[in-house]
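The values are calculated or read from the model by the stated rules, or taken from the named source; none is laboratory data. What you see is a predicted model, and the numbers here were worked out from it, not measured in a lab. Cβ: placed from backbone, ideal geometry, glycine included. Neighbour counts: every protein chain shown. Protein only, heavy atoms only, side chains kept; ligands, DNA and RNA dropped before computing areas. Shrake-Rupley method; radii C 1.70, N 1.55, O 1.52, S 1.80 Å.
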Amino acid sequence: MIADEFRNDPRLAAARRLVREALAEHQQRLAGPHAPAADRAADYGAMLEQFGELRGGNLYFPFLGSGLGRGPLVELADGSVKYDMITGIGVHAGGHGNSLWVEAALDAALSDTVMQGHLQQNRESFELVQSFVALARDDGADFAHCVLTTSGAMANENALKLAFARHHPASRLLAFEHCFMGRTTTLAQITDKPAYRAGLPATVCVDYLPFFDPAAPGPSIERAVTALKSHLARYPAQHAAMCFELVQGEGGYYPGDRDFFLALFDVLRAHDVAVLVDEVQTFGRTTRPFAFGHFDLGPHVDIATVGKMTQVCATLFRADYRPPRGLISQTFTGSGSSIFVARALLDRIRQGGDFGPEGRIQRIHERFAGHFERLADAMPGVVSGPFGLGGMIAFTPFDGTADAATRTVRALYDDGVMTFLAGASPSRVRMLPPLFGMEMDDVDAVAAIIERTMANLAG
Ligand SMILES: Cc1ncc(COP(=O)(O)O)c(C=O)c1O
């Protein structure tokens, strides 16, 4: 094909080499976090203020990136440099300016279109879908299909459509207390946070169950199963699906438990209710690519969704959930760069080395966990934890009030580490570090800043 001859043109190889060299050279100048350049403060402040005005609300952080970064380090447009431990809430898993990602994006830039969609899918979309299905099957799921889309919320919307279509006329859903599924008008009803659905119409009826409690596993399983049976008895044959986060993310970094989930799956199966696992935040962050693989639950899952670090989001499902024609479609499923980068990420994941009990992700977790255990011992009442699993790591600052967590996140930001909030009572400080773009020295450097910030806040 002419396209292949174009891609193999030696001039492109030379251009790529130049890009690689230039990027690496400039990235080397990002040595560590530092404060803004004084002469940029006024312009930067004005830009932020105007941005907030134009978008009808201020940004959570006074953050505007310059477009350059190196792994966990990111340069801001005020000249400052920070450690990014939240990565756009789990998106930039390769860190900033990762060479693998940049190379893939260069391939995308050389393609004939900027976007791909349902009337324009190039070969790499096909390869990406193949990879998603193969990875899910490696983790035990009996998935036959995968549909790409542009956001975690759209992947979940598509998942709900599949469940409703297959279980019609059942129209209710089951979900866990404190769950998060996204922010469309329907998903805002499932997401268990009143503020996120304030003023919105009730689009779907949801019945809630308590999540797993590691302090009392047996009673917690009993409580959830009793609640599930009671909902199913109250509304016979009216539930299409139950939505699962195997590790609650926005809810506060609470991992579930295999026996807990299996007990619920048994009841759901007996009542022909779909098991829908939302892996938008968990994908790529446990000891297996899918968290259902980590918990060894693959064969029980009917539909799963992924997003965030995958760049392109997706809904994967069993053959019997294949949608009727017309139910699912979208003008674009992703930008070329997101599709090429997603393919590169999945290739890397499939090569191995990052997952498993001794893989990179677990090692990063253990390094962070060791630091938080040390801080919790040294500063009781100031740091508690660690919480979470794998590449989802959190601690509770002070008494876990929203105010304490917000103050901590802001102070860390000022001191050069970007984190974010999770949970309500307690409110925690969470991290979604760039697992494929940082080293153990970075973990230690971040922990040292957190230690200093917490000591200062404790006064
Ligand atoms: C578990 C979970 N599901 C769905 C979403 C929604 O994804 P998006 O923000 O890409 O729509 C998120 C986002 O934080 C999430 O954490």
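Any chance you could count how many residues in region 410-423 are closer than 20 Å to Phe180 by Cα, open to solvent by 10 Å² or more (accessible area, probe 1.4 Å) and touching a helix residue (DSSP H, G or I) at 6+ places or on another chain (Cβ under 6 Å)?
1
Within region 139-150, can one find any residue that is within 16 Å of the ligand (Cβ to nearest atom) and either among the polar types (S, T, N, Q) or over 19 Å from the mean Cα position of the chain (by Cα) (or both)?
Within region 139-150 (the criterion being within 16 Å of the ligand (Cβ to nearest atom) and either among the polar types (S, T, N, Q) or over 19 Å from the mean Cα position of the chain (by Cα) (or both)), the answer is yes, since at least one residue qualifies.
Can you confirm whether Asp296 is more than 16 Å from the ligand (Cβ to nearest atom), in contact (Cβ under 8 Å) with a residue 24 or more places away in the chain and touching a strand residue (DSSP E or B) at 6+ places or on another chain (Cβ under 9 Å)?
So Asp296 does not fit the description; no.
Of the residues Phe395, Phe387, which single one is open to solvent by 40 Å² or more (accessible area, probe 1.4 Å), part of a strand (DSSP E or B) and touching a residue at least 12 places away in the same chain (Cβ under 8 Å)?
On the way: Phe395 fails: open to solvent by 40 Å² or more (accessible area, probe 1.4 Å).
Just one listed residue meets the conditions, Phe387.
Quickly run through region 257-283 and pick out the residues that are among the small types (Gly, Ala, Ser) and farther than 12 Å from Leu297 by Cα.
Residues satisfying the conditions are Ala270, Ala274.
Only one of Val81, Val114 is away from the ligand (no atom under 16 Å from the Cβ), among the aliphatic types (A, V, I, L, M) and either assigned by TED's automatic domain parsing to the domain that holds Asp43 or closer than 30 Å to Ala41 by Cα (or both). Can you tell me which?
Val81
For region 424-459, what are the residues that are at pLDDT below 95 and over 23 Å from Glu177 (Cβ atoms)?
Gly459 - this is the single residue of region 424-459 that is at pLDDT below 95 and over 23 Å from Glu177 (Cβ atoms).
Take region 241-276 and flag every residue that is of a type in the set (Phe, Trp, Tyr) and over 21 Å from Thr396 (Cα atoms).
Selection gives Phe244, Phe260, Phe261, Phe265.
Among the residues of region 267-280, what is the count of those that are outside any helix (DSSP H, G or I), more than 15 Å from the ligand (Cβ to nearest atom) and either open to solvent by less than 20 Å² (accessible area, probe 1.4 Å) or touching a Gly at 6+ places or on another chain (Cβ under 8 Å) (or both)?
Count: 3.
Scan region 158-188 for residues that are within 16 Å of Glu245 (Cβ to Cβ), open to solvent by 20 Å² or more (accessible area, probe 1.4 Å) and out of contact with any Phe, Trp or Tyr (no Cβ under 7 Å at 6 or more places or on another chain) and jot them down.
Answer for region 158-188, where residues must be within 16 Å of Glu245 (Cβ to Cβ), open to solvent by 20 Å² or more (accessible area, probe 1.4 Å) and out of contact with any Phe, Trp or Tyr (no Cβ under 7 Å at 6 or more places or on another chain): just Phe180.
Name the residues in region 160-188 that are assigned to a helix (DSSP H, G or I) and near the ligand (Cβ under 10 Å from one of its atoms), would you? Explain how you work it out, then say what you get.
So the first thing to find is which residues in region 160-188 are assigned to a helix (DSSP H, G or I), and the list is 160-167, 187-188.
Within region 160-188, just Leu187 meets the criteria.
For region 239-248, indicate whether the set of residues that are at pLDDT 95 or above, open to solvent by 30 Å² or more (accessible area, probe 1.4 Å) and either away from the ligand (no atom under 12 Å from the Cβ) or under 25 Å from the mean Cα position of the chain (by Cα) (or both) is non-empty.
Scanning region 239-248 turns up no residue that is at pLDDT 95 or above, open to solvent by 30 Å² or more (accessible area, probe 1.4 Å) and either away from the ligand (no atom under 12 Å from the Cβ) or under 25 Å from the mean Cα position of the chain (by Cα) (or both).
Given (1) more than 16 Å from the ligand (Cβ to nearest atom); (2) of a type outside the set (Ser, Thr, Tyr); (3) open to solvent by less than 10 Å² (accessible area, probe 1.4 Å), where does Phe283 come up short, assuming only one miss?
Failing condition for Phe283: (1).
Would you check if there is a residue in region 189-197 being within 26 Å of Phe436 (Cα to Cα), open to solvent by 10 Å² or more (accessible area, probe 1.4 Å) and either within 16 Å of the ligand (Cβ to nearest atom) or out of contact with any Cys (no Cβ under 6 Å at 6 or more places or on another chain) (or both)?
no
All but one of (1) within 16 Å of the ligand (Cβ to nearest atom); (2) touching a helix residue (DSSP H, G or I) at 6+ places or on another chain (Cβ under 9 Å) hold for Glu127; state the number of the condition that does not hold.
(1)
Quick test for you: out of Arg407, Arg363, pick the one residue that is over 19 Å from Ile449 (Cβ atoms), open to solvent by 60 Å² or more (accessible area, probe 1.4 Å) and touching a residue at least 40 places away in the same chain (Cβ under 8 Å).
Only one candidate passes the filter, namely Arg363.
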